[in-house]
Amino acid sequence: MLEPKSASIEDLKLVHTDQYVEKVKLTSSRGGMLTLDTPVRPGTFEIARLSAGGAILAGETVIEGKVKNSFALIRPPGHHAGRDYGGGFCYFNNVAVMIEHLRNKFGMKRFMIVDWDVHHGNGTQDIFYRDPTVLYFSTHQMPLYPGTGYMNEIGEGEGRGYNVNLPLPAGTTGEAYEQILSELVNPLVEEFKPEIIAVSAGQDAYFADPIANLQFTVHTYTKTTRRLMDLAQTICKGRLTMALEGGYNLEALPEIITGIIATLAELPGSEASEPYPPPGQKRSREVEERIRQLKTILSEYWKVFK
């Protein structure tokens, strides 16, 4: 286990505006509210910096070859934080800060973000919406907070086609997510050829999470981790890093995280257990239709879908 240090102010400002960083710092010094759902208690600024620093360390150690892959066990989460705003319990965008740090320090040019949190990462989308060097792929329940992430939100300018959203109906299973990986994520990664894959790893798509309605299981997360490891090994020298986002079932979350980390570490005989009897897993015709629609939208930008 590696112990992070706080992200520097300079690293935060590679992503966030000067005014926003100062706003979080000032609000944290006295306590207050960033948004109606995101309180800022005294000390929040320091903890949020440490969380971003954890994401930086997770990415940096992978690029430097100190570890094969990594999982940043950090909170507060980050993917709802944009350049000049926060929300949804997020203050600084941890994954975005990590990416800009790697770009700045190592001169990296292509990044892939897979965001499997049950909520759309509106902040991450906004930060990279015009950036063709970052391929952002999000699956998320819709309708649900924050109300963004429609299929037609595909980026702007040079970034058009590099922002990919697949909104999912309530009840979508892990079996359906395997189809999403096979038909969308794998082809995109193979064509884009990122230098690292970063996962916004929110575990709130779990079937017993109290604030959402998807049907993922512990096995969904471990199997998806294994598939992303294999994909990273083929495309980008095994470089895979994950940062914790959401997940609010306090019995299931430790099992899911343990399963993911054991999979990343390739520990034999370390199967994570389901804390509840899992629901049946099957594919969804509605999800299949949405995959087809998304392929049609993306065919203008990606050869694999023409």
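For the range 163-189: of the residues being surrounded by fewer than 18 Cβ atoms within 10 Å (Cβ to Cβ) and among the polar types (S, T, N, Q), which is farthest from R285 (Cα to Cα)? Taking the candidates together, the pick is S182.
Which is without any contact (Cβ under 8 Å) to a residue 12 or more places away in the chain, surrounded by fewer than 19 Cβ atoms within 10 Å (Cβ to Cβ), over 26 Å from A48 (Cα atoms) and more than 15 Å from the chain's Cα centre (by Cα), of E271, E266?
Testing whether each residue is without any contact (Cβ under 8 Å) to a residue 12 or more places away in the chain, surrounded by fewer than 19 Cβ atoms within 10 Å (Cβ to Cβ), over 26 Å from A48 (Cα atoms) and more than 15 Å from the chain's Cα centre (by Cα) leaves just E266.
Is it the case that R103 is assigned to a loop (DSSP other than H, G, I, E, B) and either at pLDDT 95 or above or farther than 20 Å from L168 by Cβ (or both)? Judged against the criteria, R103 is not a match. Considering only residues in the range 198-216 that are part of a loop (DSSP other than H, G, I, E, B) and in contact with a helix residue (DSSP H, G or I) (Cβ under 7 Å, 6 or more places away or on another chain), the one that is surrounded by the most Cβ atoms within 10 Å (Cβ to Cβ) turns out to be Q203.
Do we have Y221 as hydroxyl-bearing (S, T, Y), surrounded by 14 or more Cβ atoms within 10 Å (Cβ to Cβ) and in a loop (DSSP other than H, G, I, E, B) here? No, not satisfied.
Tell me yes or no: at least one residue of the range 240-256 is touching a Gly at 6+ places or on another chain (Cβ under 7 Å) and at pLDDT below 95. For the range 240-256, residues touching a Gly at 6+ places or on another chain (Cβ under 7 Å) and at pLDDT below 95: absent.
Would it be correct to say that T61 is out of contact with any helix residue (DSSP H, G or I) (no Cβ under 9 Å at 6 or more places or on another chain), of a type in the set (V, I, T) and not in a loop (DSSP other than H, G, I, E, B)? In short, yes. Within the range 108-123, being within 20 Å of I180 (Cβ to Cβ), out of contact with any Pro (no Cβ under 7 Å at 6 or more places or on another chain), in a loop (DSSP other than H, G, I, E, B) and not small (G, A, S) holds for W116, D117, V118.
Residues checked against (1) of a type in the set (F, W, Y); (2) closer than 25 Å to E191 by Cα; (3) in contact (Cβ under 8 Å) with a residue 24 or more places away in the chain:
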| residue | (1), (2), (3) |
| --- | --- |
| G53 | no, no, yes |
| T61 | no, no, yes |
| E64 | no, yes, no |
| S70 | no, yes, yes |
| F89 | yes, no, yes |
| N94 | no, no, yes |
| H101 | no, yes, yes |
| M112 | no, yes, yes |
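Looking for something basic (K, R) and over 18 Å from G171 (Cβ atoms) - is there at least one such residue anywhere in the range 226-236? The answer is yes, given that some residue of the range 226-236 is basic (K, R) and over 18 Å from G171 (Cβ atoms). Flag set for E175, criterion: more than 18 Å from the chain's Cα centre (by Cα) and either outside any helix (DSSP H, G or I) or farther than 16 Å from W302 by Cβ (or both). Regarding the range 77-97, can at least one residue be identified that is of a type in the set (A, V, I, L, M, F, W, C), closer than 22 Å to T224 by Cβ and assigned to a loop (DSSP other than H, G, I, E, B)? Looking for residues that are of a type in the set (A, V, I, L, M, F, W, C), closer than 22 Å to T224 by Cβ and assigned to a loop (DSSP other than H, G, I, E, B), one finds none in the range 77-97, hence no.
The values are calculated or read from the model by the stated rules, or taken from the named source; none is laboratory data. Here the structure is a predicted model, which means the values were calculated and not measured. Virtual Cβ from ideal backbone geometry, glycine too; neighbours counted across all protein chains shown.
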